Amino acid sequence: MIQKPKGTYDVYGEKGKQILYIEKLFKCLMSKYNYEYFKTPIFEASELFHRGVGETSDIVSKETYDFKDRGDRNMTLRPEGTAGIVRSYIENKLYGNGGLTKAWYYGSMYRYERPQSGRFREFNQFGVEAFGSNDPALDAEIISIPVTLYKMLGLKGIKVNINTLGDNESRNNYRNALIEHFRPHLDELCEDCKNRFEKNPLRLLDCKQDKDLEVMKTAPKIIDYLNEESRKHFELVQEYLTQMNIDYKVNPGVVRGLDYYTHTVFEVEADIEGFGSQNVLCGGGRYNNLVETLGGPSVPGVGFAFGLERLLAALEAEKINLEDEEQIDFYIIPVDETVKAYGMNVLNLLRINGFNGDIDYLNRSIKANFKTVDRLNPKYIIIIGEDEVKNKLVTIKNNSTKEEVKIKIDELIDYLDNQD
Ligand code: AMP
């Protein structure tokens with residue numbers, strides 16, 4: 001038997017309903033926040049991720065699904081959403097009007113990671129990116145999105161951790177301080193950290209393996225290396241968050257796994273007992289160099305992404321049910337196959353007039369069909385027999401009052417429109 005690839009999963013039943021519910025809620029939230037929908041390809045030129053996400057990130061150095069297409073081009077299944085959106089922003093010259101572009105997206109991402117609870121090889125992210133403004137208020141808006149979403153879903157155990165990496169100057173000063181600090185201790189570090197030391201020493205602070213070493217705990221803190229402008233930016237972000245009643249903590253350990261961040265970075269953690277180690281529900285930050293790095297003009301950007309799977313796991317851990325049961329309007333029962341064609345006519349008539357429902361496709365007995373009715377719980381049951389076909393009628397039964405009437409098919413839509 002052919003099985004699904006490792007680290008992937010199928011969606012059906014309850015899970016499908018939950019996913020649709022979150023999609024609907026996020027879409028609705030995005031229109032309230034005035035973001036515009038973007039969709040970019042699932043595969044892109046490999047170079048986009050190497051230049052964009054960065055050579056030193058685990059995602060690019062160890063986890064991408066790379067392949068050559070039949071034209072011998074190097075392609076990569078997207079491991080995250082930002083690089084593709086930035087590419088699209090540049091390629092379509094959306095910076096042209098000098099204004100703000102606020103984008104949201106949703107889609108599957110691919111990382112060749114070791115599958116474990118909360119970590120998949122194919123997973124889904126919802127995300128937003130805003131280009132064209134360096135206003136710290138926009139950083140606060142971005143942080144407020146997942147907080148609002150989680151609140152709307154009823155999640156209580158969440159913690160917002162923020163940090164700053166400063167602008168280029170501050171980041172460079174900090175980088176040098178880290179190099180000085182870690183150089184004498186290189187032999188204590190893991191192989192990955194030795195590599196990161198050369199390419200991007202900030203990433204040392206992100207290492208899961210070495211995080212308890214003394215040399216990690218005594219590492220210099222970015223806060224002491226910020227120039228005036230970066231300090232001001234970070235202070236304003238905090239002031240706006242406070243004004244927006246968003247609880248947060250400044251956590252110098254948040255540096256994020258991707259190379260492109262500048263200034264504000266943040267993560268939202270699930271603080272739920274027994275939730276497990278994959279507890280970062282979402283992450284993001286400002287990336288003022290990325291548009292330029294990918295060949296565009298110097299335009300600042302800020303964004304975040306959350307994983308669908310971890311959000312569903314957090315909802316389950318807090319025993320939150322996503323109820324979005326929409327009652328169907330009708331269920332049609334043709335008494336036998338001779339009247340099926342007329343049933344199909346009624347079915348289509350109802351659907352094109354905006355009613356949702358179904359017909360019996362298993363050609364079961366009336367008794368068996370009433371079992372289906374119990375399961376589907378439609379508002380109306382429509383029964384089609386010989387008499388209905390001959391006289392162009394339908395028999396329609398209100399499933400809650402049990403009242404049954406025969407009406408002309410031409411009057412069916414008016415009849416339904418006038419019921420409450
Ligand atoms: P990142 O793009 O690594 O900053 O991740 C952002 C969010 O995507 C995380 O907080 C998770 O919710 C989710 N995520 C990242 N990697 C995975 C994965 N392998 N499986 C499931 N969710 C993931």
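The values are calculated or read from the model by the stated rules, or taken from the named source; none is laboratory data. Computed from a prediction, not measured in an experiment: that's the story for all the values here. No Cβ is skipped: glycine too gets one built from the backbone with ideal geometry, and neighbour counts run over all protein chains shown.
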> Of all the residues that make up the stretch 279-305, how many are assigned to a helix (DSSP H, G or I) and either out of contact with any strand residue (DSSP E or B) (no Cβ under 7 Å at 6 or more places or on another chain) or near the ligand (Cβ under 10 Å from one of its atoms) (or both)?
Replying inline: 2
> What is the residue count in the stretch 334-346 for residues that are in contact with a strand residue (DSSP E or B) (Cβ under 7 Å, 6 or more places away or on another chain) and closer than 16 Å to I407 by Cβ?
Replying inline: 3
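Please verify whether K102 is at pLDDT 95 or above, out of contact with any helix residue (DSSP H, G or I) (no Cβ under 7 Å at 6 or more places or on another chain) and closer than 22 Å to L236 by Cβ, treating the condition exactly as stated.
Working: at pLDDT 95 or above: yes; out of contact with any helix residue (DSSP H, G or I) (no Cβ under 7 Å at 6 or more places or on another chain): yes; closer than 22 Å to L236 by Cβ: yes.
For K102, the condition - at pLDDT 95 or above, out of contact with any helix residue (DSSP H, G or I) (no Cβ under 7 Å at 6 or more places or on another chain) and closer than 22 Å to L236 by Cβ - is met.
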> Does the stretch 256-278 hold any residues that are more than 10 Å from the ligand (Cβ to nearest atom) and farther than 29 Å from A137 by Cα, and which are they?
Replying inline: I272, E273, G274, F275, G276, S277
> Can you name the residue in the stretch 110-130 that is assigned to a loop (DSSP other than H, G, I, E, B) and among the aromatic types (F, W, Y) and is also nearest to F306 (Cα to Cα) among such residues?
Replying inline: F120
>> Looking at A314 and the list (1) out of contact with any Ser or Thr (no Cβ under 7 Å at 6 or more places or on another chain); (2) over 30 Å from V128 (Cα atoms); (3) of a type in the set (A, V, I, L, M), which single condition is not satisfied?
In response: (2)
> Are there any strands (runs of 3 or more DSSP E) wholly within the stretch 350-420 with 1 or more residues that are hydroxyl-bearing (S, T, Y), and if so which?
Replying inline: 380-384, 393-398
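More than 20 Å from the chain's Cα centre (by Cα), away from the ligand (no atom under 16 Å from the Cβ), within 20 Å of S400 (Cα to Cα) and not charged (D, E, K, R) - does that describe any residue in the stretch 306-328?
The first filter runs over the stretch 306-328 and keeps only residues more than 20 Å from the chain's Cα centre (by Cα), leaving 319, 325-328.
Among the residues that remain, those that are also away from the ligand (no atom under 16 Å from the Cβ) are: 319, 325-328.
Imposing the further condition that a residue be within 20 Å of S400 (Cα to Cα) reduces the set to 325-328.
With the extra rule that they be not charged (D, E, K, R), the set shrinks to 327-328.
Yes.
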>> I'd like to check something: does the stretch 131-138 contain any residue that is closer than 30 Å to M75 by Cα and either assigned to a strand (DSSP E or B) or touching a helix residue (DSSP H, G or I) at 6+ places or on another chain (Cβ under 9 Å) (or both)?
In response: yes
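So is Y110 under 19 Å from G283 (Cβ atoms), out of contact with any helix residue (DSSP H, G or I) (no Cβ under 9 Å at 6 or more places or on another chain) and surrounded by 20 or more Cβ atoms within 10 Å (Cβ to Cβ) or not? Before the answer, list the steps.
Numbers: under 19 Å from G283 (Cβ atoms): yes; out of contact with any helix residue (DSSP H, G or I) (no Cβ under 9 Å at 6 or more places or on another chain): yes; surrounded by 20 or more Cβ atoms within 10 Å (Cβ to Cβ): yes.
Yes: the conditions hold for Y110.
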> Among the numbered criteria (1) closer than 28 Å to H185 by Cβ; (2) in the same structural domain as E91 (by TED's automatic domain parsing); (3) surrounded by fewer than 17 Cβ atoms within 10 Å (Cβ to Cβ); (4) free of Cβ contacts under 8 Å to residues at least 40 places away in the same chain, which single criterion is violated by K217?
Replying inline: (2)
> Give me the pairs: first residue in the stretch 120-141 and assigned by TED's automatic domain parsing to the domain that holds E80 and polar (S, T, N, Q), second residue more than 16 Å from the ligand (Cβ to nearest atom) and not in a strand (DSSP E or B), beta-carbon distance under 7 Å, and six or more apart or on different chains, which are they?
Replying inline: S133/L100; S133/P300; N134/N288; N134/P300
